[in-house]
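I have a structure here, written as structure tokens, and I will follow up with some questions on it.
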């Protein structure tokens with residue numbers, strides 16, 4: 001079976017409102033299932049590709065800070 005995960009994830013959330021997108025993200029994180037991680041990765045990829053350099057730096061700072069306590 002040839003499944004394009006990126007296209008499937010994007011297709012599933014295309015046209016969703018910000019509230020729906022937030023619900024999807026929060027649900028995936030709270031659920032804690034490993035199978036949700038690839039979908040979150042695809043969503044992060046979309047965010048990263050559409051972020052300015054300043055926004056990317058903010059994300060990297062937040063990631064670094066979040067990992068310090070782990």
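Run lengths n ≥ 4 of DSSP H only: what is the helix-derived mean residue ellipticity at 222 nm for the chain, with -39500 (n - 2.57) per run over all residues, to the nearest 500?
-23500 deg cm²/dmol
For the pair residue 28 and residue 11, how long in nm is the line joining their label points, each one 7 Å along Cα→Cβ?
Modelled inter-label distance: 1.7 nm.
No value in this document is a laboratory result; all are computed from the given coordinates. A quick note: this is a predicted structure, and the numbers were derived from the prediction, not measured. Methodologically, a virtual Cβ is constructed for each residue, glycine included, from the backbone with ideal geometry; neighbour enumeration extends over all protein chains shown.
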